[in-house]
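The values are calculated or read from the model by the stated rules, or taken from the named source; none is laboratory data. Note that the coordinates shown come from a computational prediction; the quantities given were computed from them, not determined experimentally. Backbone-built Cβ (ideal geometry, glycine too); neighbour counts: all protein chains shown. All accessible areas refer to the heavy atoms of the entire protein, side chains included, with ligands and DNA or RNA removed. Shrake-Rupley method; radii C 1.70, N 1.55, O 1.52, S 1.80 Å.
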Amino acid sequence: MNSPWKGKAKATNQAYDDLRPTITYRHLLSNNLGVRDPLRVVALCDSDAFYAACERVRLGLDPSVPIVVQQWESLIAISYPARKFGISRMDKIKDAKKKCPDLLAVHVATYKEGEKEPGYWDDVDTRTHKVSLDLYRRESNKIISMFKESLPTGEIEKASIDEAFIDFTRPVREKLLERYPYLAQVPADAPDGTDSPLPPPPPINWDGLGSVVPVSPSEETDGTSELSDEVDDNTTWHDVALSIAAELMKKIREDIHSKLGYTTSAGIARNKFIAKLSASYKKPNSQTILRNDAIPNYLRPLAFQKIRFLGGKLGDALAKEYDVSTVGDLLTVSLEEIQSKFGENALWVYEILRGIDHNEVKEKSALFKSMLASKNLPTPITQSSDGHQWIRVLAAELALRLNDARESMPTLWPKAIVLHARKGYETSRSKQATFPFVRNVTVDVIATAADKLWKELTGDAKTINVTSVQLAFTGLEKAEMGQKSIEGFFKTRDIQQSPSLKRPREEYELPASVEDTSLAPPKSSNVEAVSFQCSRCHKVISLREEQVTDASEVAQRLATLRLEHDDFHFARDLAHSNESPLVPVPRSSSSRGVRRKVEPKGIAKFFTKK
Ligand code: CTP
Ligand code: CA
Ligand code: CA
């Protein structure tokens, strides 16, 4: 240790070499190293018991109240005080009340026939009402806005209704140079100029910054304890970066708590995969820092089939091929070996097992987004004329969501409106049409367009048997027009209604209420949807089972379908297939997208469905 320019200690485990890179002045001072930046810091922030918290805040209740959100007879969110009574999502409302007699159960808001706005009614009934998640979407947007405001140089990617990835790399870099200005100048005696390693980092005081995952699982730390000499010895500049991100994250979380009333839990680490993995280390209202040095022991005991994309057929195949179950077991498999069995792209698996993930944190573009309102009908529609009432209910939801989204993006326009209906045991059928370019998107405008599609869909059949209806806007985009036309377009009443129009253009942000389905979280956020439209290929994926009425079951199955479908795209991307993508041909009126068969290669075959 005579020269500070000597590289730091070698990684103890060859499998994890990537976790202790030499960090040079070039790394620190170059502006755009992207996903390979050795000082990269990413966080995943997830709201605690989100729907329950939204209802608690709406009702102005004390956080200690045991509150749950109910959908029909099932529970969709359980506050932490209610969890103390042993209540879980598996419970029915009756059993939950037995466990906690003082339980406050709030039924999720619903749209009711004839009402333009969702509300909290006394007579909720799945036969006449439709669940509304609008409150949660709005609250979610507020949280996302706070992330964006606090971190003008950070990248925010909404990952689900209650979580977001935050790329802290830039804000951290700014702070790092501000705090340690000597880093901005490559010393004259640095042996390799800009390529010389940074001097040894300062010690870090983790107090109050969150739970620091111990390097060896036996150590317990809560952020307040002495983090042993071992850690100090091995401290890296990346750890300093993590600690700065932890400070920033903490401030934002406290801000969200004091301004909006929500507690959150976050994971802070070198990439998205590790950040997500550590976010639930301690819940609620806490944050976890997973230092690079702690990654090996954190990953090794993990059942690899619990890792996203390794849960399905690929995971099964790996488990079978090598007769193993944990990440640690698979570390003995060489890259050559795994690639010879699973194809070139198994590099991705090889890397994930070693805590490497090069996925970018990137805000999704509004392009190709869709908004979908759906209703699973407990009593099938048997007469074509009875469809109208449900169409109005779905139209009311789309009207509200589009107009909400337009608050921040006034020219947002759907290219098309699509109506799906599932008849009896058939798979879903759909009709679509270009959406008229009218000034005010009212319930009537939407319902009229949808009614036309409904007529086309049901034809002149005397009796029908429709078990689910879904109405969607697809191809949502900012309409291209000059400022003049925008003003003209929104002249008269809109301009008064929407003060946000006065905002500068750059602030027209992606409305988070436009759900992106391509990167949906493992759990569905819309328990009532029975299908979803993939934002990449526009294909509508529906549940096959008829009459699945249990909310959590629907959500689970749908989530599985989404994952499978995402996996499919993932595999296609991996396979770099040069065949044309699976895109339904958009026509003014088409039923069932035209698909092309694709022969999967290598790793891809583990993701395709029959
Ligand atoms: N959700 C749902 N159906 C599911 C999973 C989740 O409706 N199958 C909703 C929940 O109501 C929840 C929100 O999506 O409030 C976010 O889900 P998640 O983060 O998994 O759970 P939380 O309820 O937020 O609880 P936690 O504190 O554990 O994150
Ligand atoms: Ca959550
Ligand atoms: Ca979540």
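Expressed as a whole percent, the accessible area of the range 370-474 that falls on carbon and sulfur atoms is 51 (1.4 Å probe). Relative contact order for the range 370-474: 50 percent, from Cα pairs under 8 Å spaced at least 6 residues apart, divided by residue count. Taking label points 7 Å from Cα along the Cα-to-Cβ direction, Asn440 and Gln185 give a separation of 6.6 nm. Debye-formula intensities of the range 61-126, expressed as log10 I(q)/I(0) at q = 0.16, 0.19 Å⁻¹, are -0.53, -0.70 (one equal scatterer per alpha-carbon, no solvent). Label point 7 Å out from Asp451 along Cα-to-Cβ: which residues of the range 402-423 have amide N under 18 Å? What the label zone holds, given the 18 Å backbone N cut-off, is 417-420. Solvent-accessible surface of the range 363-453, taken per residue with a 1.4 Å probe and all protein chains present: 36 Å². Within the accessible surface of the range 50-133, defined with a 1.4 Å probe on protein heavy atoms only, the carbon and sulfur portion equals 52 percent. All other residues whose Cβ lies under 14 angstrom from that of Asn271 are scored, Lys and Arg at +1 and Asp and Glu at -1, for a net of +1. Distance from the C-alpha centroid of the range 122-200 to that of the range 414-474: 39 Å, rounded to the whole angstrom.
Taking amide H atoms as placed 1.01 Å from N in the peptide plane, the amide H of Ala159 lies under 5 Å from those of Ala164, Phe165, each 5 or more residues away in sequence or on another chain. Pairs spanning more than 32 Å between alpha-carbon atoms, out of Lys364/Lys455; Lys84/Lys116; Lys158/Lys539; Lys112/Lys452; Lys175/Lys362; Lys175/Lys272: Lys364/Lys455; Lys84/Lys116. Once the 1.4 Å probe is applied to the protein heavy atoms, the range 134-224 comes out at 44 Å² accessible per residue. For the range 50-133, DSSP calls about 70 percent of its internal beta bridges antiparallel.
In this structure the amide hydrogen of Ala416, modeled in the peptide plane, comes within under 5 Å of the amide hydrogens of Phe435, Thr474, none closer than 5 places in sequence on its chain. Calculated FRET efficiency, Ser258 to Ser88, Cβ-Cβ distance, R0 = 30 Å: about 0.50 to the nearest 0.05. Here the range 370-474 is treated as a Stokes sphere of Kirkwood radius computed over C-alpha pairs; at 10 °C and 1.306 mPa s its diffusion coefficient rounds to 115 µm²/s.
Between Glu113 and Ser145, how high is the FRET efficiency from 1/(1 + (r/R0)^6) when r is the Cβ-Cβ distance and R₀ = 25 Å? Nearest 0.05. The formula returns an efficiency of 0.15 here. Accessible surface computed residue by residue for the range 10-74, with neighbouring protein chains in place and a 1.4 Å probe, gives 43 Å² per residue. Tell me which GluC sites (Glu not before Pro) from the range 377-456 have a DSSP coil assignment and no more than 13 other beta carbons within 10 Å of their own. Counting only loop positions with at most 13 other Cβ atoms within 10 Å, the GluC sites (Glu not before Pro) in the range 377-456 are Glu426. Net length available on complete extension from Lys313 to Asp125 is 63.8 nm, with 0.36 nm assigned per residue and the Cα-Cα distance removed. Were the residues from Val65 through Asp192 laid out at 0.36 nm apart, the gain over their Cα-Cα distance would be 39.6 nm.
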